[in-house]
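Below is one structure, written out as structure tokens, with a few remarks after it.
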Amino acid sequence: MANDATQSTSRGTQPAAKVQLTAIDQARVPSVTDMVYDALYHRIVELQLRPGTKMSEAEVASQLGVSRQPVRDAFYRLSQQGFLLIRPQRATTVTPISVSAVLEARFIRTALEMETLRAAMLNMTDAGVARLEANIAAQKNAMANDDRTGFHELDDALHEILCDIAGRPKVWTIIKDNKAHMDRVRYLSLGKGSQLAYDDHCALLVTIKARDTEAASTLMRAHLERIGHIIDDIRAEHGEFFENEDERGA
């Protein structure tokens, strides 16, 4: 019996070997594909690459000094976001702005940011307020210098700071990916909209400093939903940038 037990033990399950893993470098250098994507993304959002612009993998690769594979990967990522239309045997083109996509993006962003703001209010400290004050001061300087791109970046940074204060920094990544269609409209509106956005941010800061969560939430919702109220005016003024959605649905 003892011999049988010994044999049974020897035939039993052996302890699992420990898996040796190397820590992930979370501050990794962006890949070539990331850099190509960022370069094209900003040019599309800032309307340097206008709707209808034809895009060539070979030409982009040549201008950026990279191989075609990272360009192909960046094209695919941009097409998944709805910025590029890739058709076999036909030219890849920058898509027009879709009003329905903008409004859907606004809905997603509003839902996420309203909860993020409430969490940020619970975590707000004097240091957090100081970060917001510094950002808004920089926004004022950007407007004074007619720096639309700088103002756009600072606007985004303010909302990213709130996500960080809320303890939910990854939420900003989700918001950024989903708000992409809003950004081209925002860029079109910056000539007139910068002052409105800045005034919103200043009013929001007052409620944050007062720790008035309800007032801050009301202001944030109005701030985020404004694009839905002005998009028809922007489309009327810049119709060449927009998709003819009546024809698309026909």
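A few remarks follow.
- Residue check for GLY167: in contact with a helix residue (DSSP H, G or I) (Cβ under 9 Å, 6 or more places away or on another chain), in the same structural domain as MET220 (by TED's automatic domain parsing) and not in a helix (DSSP H, G or I): yes
To keep it simple, each residue is scored yes or no on (1) under 24 Å from LEU40 (Cα atoms); (2) of a type outside the set (Gly, Ala, Ser); (3) outside the structural domain of GLU113 (by TED's automatic domain parsing).
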residue: ASP183; (1), (2), (3): yes, yes, no
residue: ASP200; (1), (2), (3): no, yes, no
residue: VAL206; (1), (2), (3): no, yes, no
residue: ALA210; (1), (2), (3): no, no, no
residue: HIS223; (1), (2), (3): no, yes, no
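- Residue match in the stretch 201-214 (condition: at negative phi, crowded, with 19+ Cβ neighbours inside 10 Å and either at pLDDT below 95 or not in a helix (DSSP H, G or I) (or both)): no
- Evaluation of LEU224 against (1) under 27 Å from ILE161 (Cβ atoms); (2) loosely packed, with under 15 Cβ neighbours inside 10 Å (one fails), failing number: (2)
- Lone qualifier among ASP38, ASP73, ASP25, ASP34 - being surrounded by 12 or more Cβ atoms within 10 Å (Cβ to Cβ), modelled with pLDDT under 95 and farther than 28 Å from ASN244 by Cα: ASP34
- Residue match in the stretch 112-133 (condition: at pLDDT 95 or above, within 28 Å of ASP212 (Cα to Cα) and touching a Cys at 6+ places or on another chain (Cβ under 7 Å)): yes
- If you go through the stretch 84-109 and keep only what is surrounded by fewer than 17 Cβ atoms within 10 Å (Cβ to Cβ), within 23 Å of GLU153 (Cβ to Cβ) and in contact with a Leu (Cβ under 7 Å, 6 or more places away or on another chain), you end up with nothing.
- Annotation: THR116 fulfils all but one of (1) in contact with a His (Cβ under 9 Å, 6 or more places away or on another chain); (2) under 23 Å from TYR37 (Cα atoms); the unmet one is (2).
- Among the residues making up the stretch 80-133, those that are in a loop (DSSP other than H, G, I, E, B) and either out of contact with any Pro (no Cβ under 9 Å at 6 or more places or on another chain) or on the phi > 0 side of the Ramachandran plot (or both) are GLN81, GLY82, PHE83, ILE86, ARG87, PRO88, GLN89, ARG90, ALA91, SER98, MET124, THR125.
The values are calculated or read from the model by the stated rules, or taken from the named source; none is laboratory data. The structure displayed is predicted, hence computed values, not measured ones. Neighbour counts are summed over all protein chains in view; Cβ atoms, including those assigned to glycine, are modelled from backbone coordinates with ideal geometry.
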